[in-house]
Amino acid sequence: LGASGVESVTVNDKDSETNRLTLNNVSSHKTALNLTGGTASTDYTVLGTVIAKSVDASTQASNLRIDVGTADQTIKLGTGNDILTFATVNGFNGSDTITDAGGTDTVRASFNASVTGAPSLTGIEKFHIVTTADATIDMSKATTVTELAILSDKAVNGTGGATDLSPVTAEPFYI
């Protein structure tokens, strides 16, 4: 998708295939990204780091894989087994709100400092983190998390933007 200067984008996936969406001007889309449609048990990958303040994929049926930036974001995941990755160190913070419509979902984040505030994770089952320094996270608003994976710094390949080799798992992060 090559729309530049467009702050809000809606993409409706109307087929039954696995898809990869490239947002060529992802830095322009600062307000909203809406993803709809898709088919259960297929994969839907958004390439590039999404910086929109609002990401609504609540009606996306595919297994969504998406990377987001450092904006204080409201993110709604769909009914698939989704993987949401905060693409920058300390990108996940207490102002982020993440909800899910179904499936078994994973939020991945990396830190080198404590998280300010209490991020809201509702309907999210897995929270996978890596930290390269001492860090604390207030999990009081993450009541549905049933799996907390704390990965060593070996889960970080450190090459910034290199290929993520983890199609369905939490490691390695590519920060």
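The values are calculated or read from the model by the stated rules, or taken from the named source; none is laboratory data. Remember, it's a predicted structure, so these values are computed and weren't measured experimentally. Don't worry about glycine lacking a Cβ; one is built from the backbone with ideal geometry, like all the others, and counts go over all protein chains shown. Just so you know, the surface numbers come from the protein's heavy atoms only, side chains and all, with ligands and any DNA or RNA stripped out. Shrake-Rupley method; radii C 1.70, N 1.55, O 1.52, S 1.80 Å.
When the criteria are applied in full, Asn12 fails the requirement of being farther than 18 Å from Thr104 by Cβ, open to solvent by 10 Å² or more (accessible area, probe 1.4 Å), modelled with pLDDT of 90 or more and out of contact with any strand residue (DSSP E or B) (no Cβ under 8 Å at 6 or more places or on another chain). The single condition among (1) open to solvent by less than 60 Å² (accessible area, probe 1.4 Å); (2) farther than 21 Å from Gln73 by Cα; (3) modelled with pLDDT of 90 or more that Asp96 does not meet is (2).
Of the residues examined, Thr49 is not one that is modelled with pLDDT of 90 or more, assigned to a strand (DSSP E or B) and open to solvent by 10 Å² or more (accessible area, probe 1.4 Å). Could you list, in sequence order, the residues of the stretch 15-46 that are at pLDDT below 90, loosely packed, with under 14 Cβ neighbours inside 10 Å and in a strand (DSSP E or B)? The answer is Thr22, and nothing else. Checking each residue in the stretch 99-139 for being surrounded by fewer than 21 Cβ atoms within 10 Å (Cβ to Cβ) and closer than 13 Å to Gln73 by Cα picks out Thr99, Ser120.
Scanning the stretch 93-109 for residues that are within 21 Å of Lys53 (Cβ to Cβ), assigned to a strand (DSSP E or B) and not acidic (Asp, Glu) yields Thr97, Ile98, Thr99, Val107, Arg108, Ala109. Of a type in the set (Lys, Arg) and under 19 Å from Thr144 (Cβ atoms): is that true of Lys53 in this structure? So Lys53 does not fit the description; no.
Using beta carbons and a limit of 8 Å, which pairs, at least six apart or on different chains, have the first residue in the stretch 97-121 and acidic (Asp, Glu) and the second one assigned to a strand (DSSP E or B) and open to solvent by 10 Å² or more (accessible area, probe 1.4 Å)? Taking only residues 6 or more apart or on different chains, the pairs are Asp100/Lys76; Asp100/Thr122; Asp105/Ile83; Asp105/Lys126. Summed over the stretch 58-82, the residues that are part of a loop (DSSP other than H, G, I, E, B) and buried (at least 24 other Cβ atoms within 10 Å of the Cβ) give a count of 4.
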